[in-house]
1. Checking the conditions here, which among L177, L182 is crowded, with 24+ Cβ neighbours inside 10 Å, at pLDDT 95 or above, in a helix (DSSP H, G or I) and hydrophobic (A, V, I, L, M, F, W, C)?
2. When only residues in the stretch 213-231 that are assigned to a loop (DSSP other than H, G, I, E, B), within 25 Å of the chain's Cα centre (by Cα) and not small (G, A, S) count, which is modelled with the lowest pLDDT?
3. The conditions are (1) at pLDDT below 95; (2) buried (at least 22 other Cβ atoms within 10 Å of the Cβ); (3) not acidic (D, E), and A128 fails exactly one of them. Which is it?
4. Here are some residues: V172, V247, V275. Which one is at pLDDT 90 or above, of a type outside the set (D, E) and surrounded by 15 or more Cβ atoms within 10 Å (Cβ to Cβ)?
5. Name the single residue, out of those in the stretch 155-165 being part of a loop (DSSP other than H, G, I, E, B) and in contact (Cβ under 8 Å) with a residue 24 or more places away in the chain, that is surrounded by the fewest Cβ atoms within 10 Å (Cβ to Cβ).
6. I'd like to know if the stretch 197-220 contains one or more residues that are surrounded by 15 or more Cβ atoms within 10 Å (Cβ to Cβ) and at positive phi.
Amino acid sequence: MVVTQMPGTLVTALPKPTGRIAPDIIRAEWTKLRTVRSTYWTLFAAVVAMIGLSAIICAIYVAQYTHVSAGDKASFDPVSFSLTGSFLAQLAIAVLGVLVITNEYSSGMIRATLAAVPNRLAVLGAKATVFAGVTLVVTTAASVIAFLVGQMILSTNGLGVSLGSRGALRTVVGTGLYLAVLGLLALGLGSIIRKTAGAIAAVFGLIFVLPAVASLLPSSMNAVQKFLPSNAGQALIENGARHSGAVAQLSPWTGFAVFCLYAVATLVIAGAILVRRDA
């Protein structure tokens with residue numbers, strides 16, 4: 001710290017920020033994330049849903065296979081079927097994404113965080129980086145395990161496929177990518193709304209309610225539905241036909257890019273509000 005004397009004034013010049021500040025912020029956010037109990041419970045719920053529920057559904061399908069209609073057998077996709085539990089896993093990841101930021105607002109810790117790191121965009125960026133990294137690693141690993149367990153069960157009836165089959169690797173890895181981006185979208189909404197209940201309601205409405213409401217629109221609006229957040233993102237993990245009912249889907253990576261744009265736009269808005277609004 002450098003102290004300089006000016007006529008009638010004592011000016012204190014703080015040390016200039018160094019390149020170590022970014023790793024320090026990330027380390028701090030990692031410490032906060034791993035020391036909060038909700039992190040373990042929500043990730044545990046996501047993993048159990050992805051692996052356990054998928055295995056149960058695969059076992060039920062194999063047990064009831066003789067009663068499955070010919071049409072359902074023809075359209076059966078063993079890859080996506082072994083990852084059915086990801087539908088519930090996204091609930092847990094969305095909740096965790098909201099809690100990562102709203103817990104700090106509810107406890108008042110956010111004021112201490114922003115006092116220690118005046119660069120608010122750096123704080124939000126560090127939170128997003130740490131959370132996305134943890135979510136991607138955990139959900140991708142769970143996706144791989146769920147696929148292998150599911151195929152082991154389906155193979156007892158000759159229905160299993162390998163990870164090298166058409167679209168399998170993209171679907172398995174894409175499930176982890178989809179959940180990680182979904183978590184970032186939830187994090188952005190949590191930062192914007194700042195209230196846990198309100199942010200969770202907003203995420204659920206955007207991801208689950210909006211597509212259901214859109215499905216009630218006239219068929220002339222079907223072209224719009226594929227650009228909704230969840231429809232666009234799930235195009236990456238659809239391993240069968242690129243149609244869901246009467247609604248056409250975007251190509252896998254195009255849909256995922258659109259989904260990423262939603263998450264980025266939400267985080268940009270969250271960053272702008274965080275800079276302008278008091279904690």
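The values are calculated or read from the model by the stated rules, or taken from the named source; none is laboratory data. The model shown is predicted, which means the values in this text are computed figures rather than measured ones. Neighbour counts are summed over all protein chains in view; Cβ atoms, including those assigned to glycine, are modelled from backbone coordinates with ideal geometry.
1. Going through L177, L182 in turn, the sole match is L182.
2. Per the criteria, the residue is K226.
3. The single condition A128 does not satisfy is (1).
4. Criteria check complete, one pass: V172.
5. S165
6. no
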